[in-house]
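Working notes, structure below.
The values are calculated or read from the model by the stated rules, or taken from the named source; none is laboratory data. Worth saying up front: this structure is predicted, and the values here are computed from it rather than measured. With ideal geometry, Cβ positions are generated from the backbone for all residues, glycine too; neighbour counts draw on all protein chains shown. Heavy atoms of the whole protein, side chains included, go into the accessibility calculation; ligands, DNA and RNA do not. Shrake-Rupley method; radii C 1.70, N 1.55, O 1.52, S 1.80 Å.
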Amino acid sequence: MVSRFRRTLILVLLSTTPLQAVRITEILYHPSAEQGDLEFVEIYNEEPHALDLLGYHFCAGFEFTFTERLFLDPGEYLVVALNPDALRSAFGIENVVGPWSAGRLDNGGERILLCDNAGVVRAEVEYNDRGKWHAAADGSGHSLELSLIHISEPTRRTPISYGVFCLKKK
């Protein structure tokens, strides 16, 4: 899991996503020049049962579809990478799939959506390189990682905190 190497700076945003079985937990959207094409998005299964990802796809942000049966066990993380071999080599992690079929993450910010095989949005996040988003995640080799979730009723809006973390090579 990429997220084990970290230095924290807490940031807060509001997401309109309801309770979900899967979350987007980490994003490296603008790697440093020396990191090259190490862009990735990490997902997490917060359900008490395995999640079959067959047919799930990123329907905004970049193009990737889970075309083979893959089960994400409860409490398990999975990284979807632009260049999975480069990411494995750089960080020594094995839970990586990819490559993306098209697109790169927008260095200025965008909305990333993970949809199930019926097209229903199962996870989403919107990031930015301005405002409350720390500049360290914008081209200096740091990722954004989910660090705190609070659920509030009745609107089910979810204040989410993301931290900026330093990624270190193995």
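Could you tell me which of the residues Glu145, Glu153, Glu124 is out of contact with any Leu (no Cβ under 6 Å at 6 or more places or on another chain), of a type outside the set (Phe, Trp, Tyr) and either in a strand (DSSP E or B) or modelled with pLDDT of 65 or more (or both)?
Numbers: Glu153 fails: either in a strand (DSSP E or B) or modelled with pLDDT of 65 or more (or both); Glu124 fails: out of contact with any Leu (no Cβ under 6 Å at 6 or more places or on another chain).
Result: Glu145 is the single residue among Glu145, Glu153, Glu124 that is out of contact with any Leu (no Cβ under 6 Å at 6 or more places or on another chain), of a type outside the set (Phe, Trp, Tyr) and either in a strand (DSSP E or B) or modelled with pLDDT of 65 or more (or both).
Have a look at Phe91, Phe66 and point out the one that is open to solvent by less than 70 Å² (accessible area, probe 1.4 Å), free of Cβ contacts under 8 Å to residues at least 60 places away in the same chain and of a type outside the set (S, T, N, Q).
Sole residue among the options that is open to solvent by less than 70 Å² (accessible area, probe 1.4 Å), free of Cβ contacts under 8 Å to residues at least 60 places away in the same chain and of a type outside the set (S, T, N, Q): Phe66.
Given the conditions (1) surrounded by fewer than 13 Cβ atoms within 10 Å (Cβ to Cβ); (2) in contact with a strand residue (DSSP E or B) (Cβ under 7 Å, 6 or more places away or on another chain), and given that Ile43 satisfies all but one, which numbered condition is not satisfied?
For Ile43, the exception is condition (1).
In the stretch 11-111, which strands (runs of 3 or more DSSP E) lie fully inside it and hold 1 or more residues that are closer than 18 Å to Ala123 by Cα and either touching a His at 6+ places or on another chain (Cβ under 9 Å) or acidic (Asp, Glu) (or both)? So that I can check it myself, show each step before the final result.
Details: elements: 22-28, 40-45, 57-60, 77-81.
Fully inside the stretch 11-111 and qualifying: 22-28, 40-45.
Confirm whether Ile160 is open to solvent by less than 30 Å² (accessible area, probe 1.4 Å), at pLDDT below 65, under 21 Å from Val80 (Cβ atoms) and of a type in the set (Val, Ile, Thr). Let's see the steps before the verdict.
On the way: open to solvent by less than 30 Å² (accessible area, probe 1.4 Å): yes; at pLDDT below 65: yes; under 21 Å from Val80 (Cβ atoms): yes; of a type in the set (Val, Ile, Thr): yes.
Against the criterion (open to solvent by less than 30 Å² (accessible area, probe 1.4 Å), at pLDDT below 65, under 21 Å from Val80 (Cβ atoms) and of a type in the set (Val, Ile, Thr)), Ile160 qualifies.
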